[in-house]
């Protein structure tokens with residue numbers, strides 16, 4: 001039996017690569033003769049580069065960049081056949097700020113611009129920027145500055161949303177020259193605009209530390225950036241992704257593409273699904289929000305197109321059978337139901353392997 005294992009990360013416990021390996025280890029204990037193919041997945045957020053490197057190979061370019069609050073953080077650009085893959089969360093991710101000390105108004109995407117610049121200077125003709133998991137809300141101002149954009153006053157683009165309060169003018173000529181001849185792709189499943197009730201600040205700001213009574217004021221700061229650059233672009237789908245980082249990329253001519261589709265195409269997931277007898281996906285919490293561009297729904301959709309069954313292994317399963325099938329998943333299995341919540345967090349890899357072993361009893365031939 002051919003089994004395709006294509007999970008997302010289990011947030012906070014296992015990377016997608018680790019999750020795939022744990023599922024495979026457990027499955028082999030029950031069904032050692034099955035042929036397993038591991039294809040860890042990502043949607044553009046944390047783990048984007050690791051997942052692509054695990055499947056594609058390629059050259060990893062190490063780059064130290066500025067984190068969201070100006071400290072130096074390590075970043076990695078994956079170069080594969082002329083395409084560079086950049087994971088924005090490495091430079092501006094929410095994980096870089098402790099939960100109790102988040103000040104998104106001051107956080108900058110400058111480091112993401114440095115990663116893009118490094119990719120361009122390395123000679124990449126296509127740069128794919130994975131958007132997701134950001135702890136910033138500066139409309140991509142920092143990214144623009146790192147690529148050469150200038151402003152009046154001079155430091156307005158580099159101090160997070162706070163710096164935009166004094167913004168008078170932005171010149172994008174040097175930034176556009178930096179990416180001239182390079183195909184820019186914003187990889188995100190978020191289609192929110194930059195501003196308004198569905199914009200970056202109002203929808204995603206609170207989880208990044210923007211206080212409720214500051215949402216309107218911070219949204220107004222991003223509007224100043226839009227007024228100084230291109231308000232029409234601010235209305236575009238995906239402009240509000242990653243705290244407006246999508247807007248910064250769109251200003252430079254980027255096209256927006258589903259992050260999951262980027263990964264699925266890069267690793268040849270549709271072809272692999274057609275060769276499989278069973279597709280396994282998974283994530284930390286499998287619930288109905290999984291339909292909003294998340295990995296399990298995308299993998300299940302591809303499995304359905306290949307006319308193959310798809311099951312999900314998760315830390316927790318929070319949907320009933322009807323909702324599960326609406327997501328394209330035949331059955332979903334929970335680590336918490338099998339071993340309990342404490343054991344799931346204490347030994348996530350072992351618990352996931354045990355769940356896979358139990359599941360193989362039902363699904364392996």
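No value in this document is a laboratory result; all are computed from the given coordinates. Just so we're clear, the structure is a prediction, and the values are computed from it rather than from any experiment. A quick note on method: Cβ atoms are made from the backbone with ideal geometry, for glycine too, and the neighbour counts reach across all protein chains shown.
Starting from the Cα-Cα distance between residue 166 and residue 285, subtract it from 0.36 nm times their residue separation and give me the gain in nm to one decimal.
My answer for the length gained is 38.6 nm.
In Å, what Rg and Dmax follow from the Cα atoms of segment 207-365?
20.1, 62
For the chain, how big is Rg over Rh, using alpha carbon atoms and the Kirkwood form of Rh?
So for the chain, dividing Rg by the Kirkwood Rh gives 1.00.
Suppose each label sits 7 Å from its Cα in the direction of the beta carbon; what would the residue 358-residue 125 distance come out to in nanometres?
Placing both labels 7 Å along Cα→Cβ, they lie 5.1 nm apart.
By how many nm would the segment from residue 183 to residue 316 lengthen if fully extended, with 0.36 nm per residue of separation less the alpha-carbon distance?
Computed gain between residue 183 and residue 316 is 44.0 nm.
Can you show me the helix-derived [θ] at 222 nm for the chain, built from DSSP H runs with n ≥ 4 at -39,500 (n - 2.57) apiece and divided by the number of residues, rounded to the nearest 500.
After summing the helix terms and dividing by the residues of the chain, the value is -11000 deg cm²/dmol.
For the chain, give the share of DSSP beta bridges that are antiparallel, in percent and rounded to the nearest 5; count only bridges with both residues there.
35 percent
Taking neighbour counts of Cβ atoms within 10 Å as a proxy for exposure, in what order, fewest first, do 198, 30 appear?
Exposure proxy ranking, most exposed first: 198, 30.
By count of other Cβ within 10 Å, fewest leading, how are 27, 363 ordered?
Exposure proxy ranking, most exposed first: 363, 27.
With both partners inside segment 69-171, how many of the DSSP beta bridges are antiparallel, as a percent to the nearest 5?
Once the DSSP bridges in segment 69-171 are tallied, antiparallel ones form about 60 percent.
How many nm separate the modelled label positions at residue 29 and residue 232, each set 7 Å beyond the Cα in the direction of the Cβ?
6.0 nm
Going out from 0 in 5 Å bins, what whole percent of all Cα-Cα distances in segment 78-167 drops into each bin?
Spelled out bin by bin, segment 78-167 gives 3, 16, 23, 21, 17, 12, 6, 2, 0 percent.
Determine the percent antiparallel among the DSSP beta bridges restricted to segment 48-257, to the nearest 5.
55 percent
Hey, could you get me the Stokes-Einstein D for segment 48-257, Kirkwood radius over alpha-carbon pairs, 20 °C and 1.002 mPa s, rounded to whole µm² s⁻¹?
Taking Rh from Cα pairs, D becomes 131 µm²/s.
Does segment 159-205 classify as rounded, prolate or oblate by the C-alpha gyration tensor (a ≥ b ≥ c root eigenvalues; a/c under 1.5 gives rounded; else a/b over b/c gives prolate, otherwise oblate)?
In terms of gyration-tensor shape, oblate.
Hey, what's the Cα Rg ratio for segment 98-145 versus the globular rule of thumb, 2.2 N^0.38 Å?
Taking the Cα Rg and dividing by 2.2 N^0.38 Å, one obtains 1.31.
Between residue 60 and residue 342, how many nm apart are label points set 7 Å from Cα along the C-beta direction?
Here the modelled spin labels are 3.6 nm apart.
Over segment 18-106, what lengths in whole Å, largest first, do the semi-axes of the equivalent ellipsoid take, defined as the square roots of 5 times the eigenvalues of the alpha-carbon gyration tensor?
The three semi-axes for segment 18-106 are 32, 19, 9 Å.
Quickly rank 298-308, 80-90 as a protection proxy: mean count of other C-beta atoms within 10 Å, highest first.
The most tightly packed comes first, giving 80-90, 298-308.
Determine, for 109, 97, the number of other Cβ atoms within 10 Å of each Cβ, and report the residues in order from fewest to most.
97, 109
If I take every Cα pair under 8 Å that is 6 or more residues apart in segment 218-365, average their sequence separation and divide by the length, what percent do I get for the relative contact order?
Computed over segment 218-365, the figure is 15 percent.
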